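I have placed the structure first, in the form of structure tokens, so that the comments after it can refer back to it.
The values are calculated or read from the model by the stated rules, or taken from the named source; none is laboratory data. Here the structure is a predicted model, which means the values were calculated and not measured. Using ideal geometry, Cβ is built from the backbone for each residue, glycine included, and neighbour counts are taken over all protein chains shown.
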Amino acid sequence: MRTAIVAMALLAATTLGQQPVSVIEQRIDRTQPGSTLAIEAGVYEGNLQIRKPVTLVAQGDVVIDGLGKGTVVDVLAEGVTLKGFTIRASGDSVTGEDAGVRVLAGRAIIEANIILDALFGIDLRESPRSTIRGNTVVGKDLEAERRGDGIRLWWSHDAVIEDNIVRNSRDMVFWYSQNLCIDRNRVSESRYGLHFMYSHDTTLRENDLEGNSVGVYLMYSNSITLVGNRMRNNRGPSGYGIGLKDCDDIAISGNALLANRVGVYIDNSPSSMDSTGIFQGNIFAYNEIGVLATPNTHDNVFTGNAFIENEEPAATHGRGELHRNAFALDGVGNYWSQYAGFDLDGDGIGDVAFEPRSLFGQMLASEPNLRLFVHSPAQRAIEFTARALPELRPRPVLVDPAPLARPPVIEVAFKGQGVVGSIPMALLAMGLLASSALVVVFLARERGLDSRIARGAT
Amino acid sequence: MIIARGVTKRYGRVVAVRNVSFELPAGQSMAFWGSNGAGKTTMIRCLLGVTRFRGIASIGSNSVKRRGRAARALVGYVPQELAFHDDVRLGSAMALFASLRRVDRASAHGSLDRVGLSGHERKRLRDLSGGMKQRLALAIAMLGDPPVIVLDEPTSNLDAAGRGEVVRTLQQLRQSGKTLVFASHRPDEIITLADTVIVLDKGIVDRVTTPRELWPTEKPVQVVRLYLSTASEAEAAQALREAGHAVHINGQGLCVAVPRDRKAEPIGVLERKSILVRNIEVLDDVRLPEGST
Amino acid sequence: MTMLTMTGPRAATHVPPSHRRAVLTFARREFRDAMSSRWFVLYTVAFTLLAVGVSFLSLSGSGSHGFAGFGRTAAGLLNLVMLVVPLMALTAGAATIAGERERGTLLYLLAQPISRTQLLLGKYAGLSLALVCSLCIGFGLSAGVLAWRAGGVGVGSYMVLVGLTAMLAIAMLSVGVLISVVSRRTSVATGLALFVWLVLVFVSDLGLMASSIVFQLRVQEIFALAAVNPLQCYKMGAIVHLNASLDVLGPVGAYASYTLGPAMPWVLSGSIVAWIVMPLLLALVLFNRRRSI
């Protein structure tokens, strides 16, 4: 897909004549505010400035090439629409914050554009009520420290950010922007997939965040709701599916947190005393740690979540336990795949509390280097020793008084992706078995001198 | 065919064999004679090149040290008792050694035929009698028709019948021109099979001689069974051994190997020690039970 | 009988078997012995049952969600492999030469026109193949369960896991063979093998953990020390392949992937290969030098 786009762009560049962007600017100058301009296919070179509220629609392959200098498209008027362009080669000045598209006025619509090789992809500054939809942004191939953000909002309230694809970038970041609608975006191979700074009152739905350092990082942002998002394989230096720093009134429900280093990292959230964080009906699966929290963390409620096959279901950052948080609400706890209890009365709730104790986990809290020995028999030996010797028995990191006996049925928008096809695996199984059987039959059959009958045959 | 010069073998501080030298032309047969611990087995291991030693040993001009594989390719080896995995079938064992000696299946069958083991290919080794095992060892040694056969007390674990079969096969081999080297403590075998005898004593060559010189009578040895009171058996055995007789104690008295013309000698020995002999019996055949010296 | 007379004895060549032939002969025999050995079959069955059990149990919770990932399934399989496979390979290797020596078959085999190197390499090859077969059975059935439940790890990663495990098994076999060469008796060899197993599986890790706490070792020191242990290398290698990142292993893993980068799998498999080659070479040298039978 990506190569196809690049190839098409290259094709366009070589086959069509190059023209300066002033060609477009002159057409804008000649037109009335509010009218629509169709831009013909071709490569337009230079930095385009749009100073009039117009709608620009690309006719075929329209490339705007910044030639590696400055910001490629500057939107300076309110109510501009930019649709279907390929915008490429901004400068790479971090101080100049060179961008593919920079919007400095409200009610812009940036739709279905492809932005390549830009330091910042789409940069909205004090541009409320804008829409960014269906764009693809691929960042410059720079080392992490020198990258810019794929999409950035700065004091831009009431924006709609949906169906965008961002790769190879720093963040999709929201500064001081409230009441946003952020749906179905995909961010991968970046630093923070969705990064909130002092941005409140927003719902994130069905976003897909894969292979980033952190999937969703909320900082100093309150009243955020996450529904149906998928955070997968976010590892890197931090490695959180979701990170929460000093956020109040967070609701996280129906999300899938898969194979991250840490499913959810909670740092002092909620920060105020009268606030609650809700985690309901999420899947935490295959993470190294399901929930990691700073020791002073309090007032989070986990209910109806499925904790499946996490190496540690929950841990604290440093010493301590999670006892100031609740792991059941109204008699409904969570499903824990390591739960070894039973449900005799068949009400779906385990009859003994889930209290994971891990001596090794406790050792890890104070000696992080020991994590090298995770997944080793030595680790199991330590856990076994701790079970056998009550003096060594660590305190449980959490208590779920009403663990679920069966995993809850959780529908997540991205369910089923990334599953290994069972047919190749079956073929592999058959291959392994057949080859060993062949070798055994071929080599292990008796090759001795046999009775006279066999002798007659030779 | 076989040359040894200054063969010396130490196990730690114990000298098992010291400075043994001999030359054996092709087609000749040679025996090592000596009591247990005299160094017979060690000497055979040195000749096979399976243990480290000082000195020179060669077979068919191949040094067993430097060209051990070529030297051993000329040798068929028969151990005291065939030691091989018990649950292996006879045919499989035969096939393994045939492969190691580059022998095809038909010749391997031929070897089995010669020792009369055809038809037993499906038997497991643990189900074979001692005699059959030793015949199998012979069959393996004859694979590829090697010019030299080396045997380490091949009959010492066999009964009379088994021993007879093995000795007969060896006689045939000798007649067919093989070079034979074997360790034995049975005069009858040595007389039947050897041209030369090397008498070993505590690892040193005592003398190199012929069986005729060692045992001058034509058919020198017979076994005499002496019946004594059980209490005096041990003392009697001691006395006879001191007098140079080969003695074996079993449940029914003492068996003593004596030269044919001096059958009464043991009685005289015991008389001098005031041990009463109640009865004597001269056994028909030369039959010295195993383990006797 | 008629067949025999018609064929007649073949013209004897008295040439030792080619290196390849001798090695192959021993390899085949060792393979067959292993496959019919009670212990080996027991280990294979145990490994297979455990592998299938681990895949089945740990998938039962997540199968309905159908997500792939490196979870406790893979961790459980890893743990199982790290416990059972070295035990199997070490004991199998330890028994091989010491067993022949104890039964007296070693002498018999060495009396054939073969070299000690051929014997050792042949046995090593046969046992390696037997181990790999046994692993393929266990991993194959386990893959069957994964396929049936549609989950777990990817096909490529799984194959890498099988390959790494085979390397680990062969490395442990090398160590076992080395133990076998220096041991006179099977019981001593097995005891030594169990001791080495304990050291590699538990003692070295626990010791390294303790010293990293007590001496506050730096990450590079911890990594270097851990990379000496083939089991740790196996584990890190498996995690690199299954997970494509070593941050699972905390600061030490992050340090390793940062400094080594793409060379990481090579360094780890290089360490395992060193554990294959070095003990085997040492075993060959000692087996040829000590000449004990």
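Yes or no: A:P403 more than 10 Å from chain C (Cβ to nearest Cβ), of a type outside the set (S, T, N, Q) and closer than 29 Å to C:M82 by Cβ? In short, no.
Scan the stretch A:303-325 and give yes if some residue there is hydroxyl-bearing (S, T, Y), in contact (Cβ under 8 Å) with a residue 60 or more places away in the chain, more than 14 Å from every other protein chain (Cβ to nearest Cβ) and crowded, with 19+ Cβ neighbours inside 10 Å, otherwise no. Yes. Residues that are among the charged types (D, E, K, R) and surrounded by fewer than 24 Cβ atoms within 10 Å (Cβ to Cβ) occur in the stretch A:262-283; there is at least one.
Of all residues in the stretch B:121-158, count the ones that are assigned to a loop (DSSP other than H, G, I, E, B) and over 20 Å from B:S176 (Cα atoms).
Step one: list which residues in the stretch B:121-158 are assigned to a loop (DSSP other than H, G, I, E, B), which gives B:121-123, B:128-129, B:142-147, B:153-158.
Next, from what is left, pick out any that are over 20 Å from B:S176 (Cα atoms): B:121-123, B:128-129, B:153, B:155-158.
Number satisfying all stated conditions: 10.
Taking helices (runs of 4 or more DSSP H) that fall entirely within the stretch B:180-283, which contain at least 3 residues that are surrounded by fewer than 17 Cβ atoms within 10 Å (Cβ to Cβ)? Break it down into steps so the answer makes sense when it comes.
Details: elements: B:187-193, B:211-214, B:233-242, B:265-272.
Hits in the stretch B:180-283: B:233-242, B:265-272.
Taken together, the criteria exclude C:L164 from residues that are surrounded by 20 or more Cβ atoms within 10 Å (Cβ to Cβ), more than 19 Å from C:V52 (Cβ to Cβ), modelled with pLDDT of 85 or more and at the interface with chain A (Cβ under 8 Å from one of its Cβ atoms).
A count restricted to the stretch B:53-107 and to residues that are within 27 Å of B:F22 (Cβ to Cβ), assigned to a loop (DSSP other than H, G, I, E, B) and away from chain A (no Cβ under 14 Å) stands at 11. For the stretch B:126-145, the set of residues classified as touching a residue at least 40 places away in the same chain (Cβ under 8 Å) and within 20 Å of B:A83 (Cβ to Cβ) consists of B:R126, B:G130, B:K133, B:Q134, B:L136, B:A137, B:L138, B:A139, B:I140, B:A141, B:M142, B:L143, listed by residue number.
For the subset of the stretch A:128-149 comprising residues that are polar (S, T, N, Q) and without any contact (Cβ under 8 Å) to a residue 40 or more places away in the chain, which member is nearest to A:A99 (Cα to Cα)?
A:N135
I need the full set of residues from the stretch C:177-206 which are in a helix (DSSP H, G or I) and in contact with an Asp or Glu (Cβ under 6 Å, 6 or more places away or on another chain), in order please. Scanning the stretch C:177-206 gives a single hit, C:T186.
A quick yes/no check of all residues on (1) out of contact with any helix residue (DSSP H, G or I) (no Cβ under 6 Å at 6 or more places or on another chain); (2) within 26 Å of A:G79 (Cα to Cα); (3) not assigned by TED's automatic domain parsing to the domain that holds A:A58:
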site	(1), (2), (3)
A:L119	yes, yes, no
A:L142	yes, no, yes
A:I151	yes, yes, yes
A:W154	yes, yes, yes
A:R170	yes, no, yes
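Just to check your reading of the model, which residue among A:G79, A:G60 is part of a loop (DSSP other than H, G, I, E, B) and touching a residue at least 40 places away in the same chain (Cβ under 8 Å)?
On the way: A:G60 fails: touching a residue at least 40 places away in the same chain (Cβ under 8 Å).
That would be A:G79, the only listed residue that is part of a loop (DSSP other than H, G, I, E, B) and touching a residue at least 40 places away in the same chain (Cβ under 8 Å).
All told, C:M209 falls short of being of a type outside the set (S, T, N, Q), surrounded by 17 or more Cβ atoms within 10 Å (Cβ to Cβ), part of a helix (DSSP H, G or I) and touching a Ser or Thr at 6+ places or on another chain (Cβ under 7 Å).
For the stretch C:109-117, does any single residue satisfy the condition of being of a type in the set (A, V, I, L, M, F, W, C), part of a helix (DSSP H, G or I) and within 14 Å of chain B (Cβ to nearest Cβ)? Within the stretch C:109-117, one or more residues are of a type in the set (A, V, I, L, M, F, W, C), part of a helix (DSSP H, G or I) and within 14 Å of chain B (Cβ to nearest Cβ).
Counting only residues that are under 21 Å from B:R69 (Cα atoms) and over 13 Å from the mean Cα position of the chain (by Cα), the stretch B:9-41 holds 5 of them. Can you confirm whether C:L194 is out of contact with any helix residue (DSSP H, G or I) (no Cβ under 7 Å at 6 or more places or on another chain), more than 10 Å from chain A (Cβ to nearest Cβ) and in contact (Cβ under 8 Å) with a residue 40 or more places away in the chain? Spelling it out, C:L194 is indeed out of contact with any helix residue (DSSP H, G or I) (no Cβ under 7 Å at 6 or more places or on another chain), more than 10 Å from chain A (Cβ to nearest Cβ) and in contact (Cβ under 8 Å) with a residue 40 or more places away in the chain. Put simply, of B:G49, B:G55, B:G27, B:G60 the only residue that is among the small types (G, A, S) and under 21 Å from C:L106 (Cα atoms) is B:G49. May I ask you to verify whether B:A239 is at pLDDT 80 or above and not assigned by TED's automatic domain parsing to the domain that holds B:L193? It is true that B:A239 is at pLDDT 80 or above and not assigned by TED's automatic domain parsing to the domain that holds B:L193.
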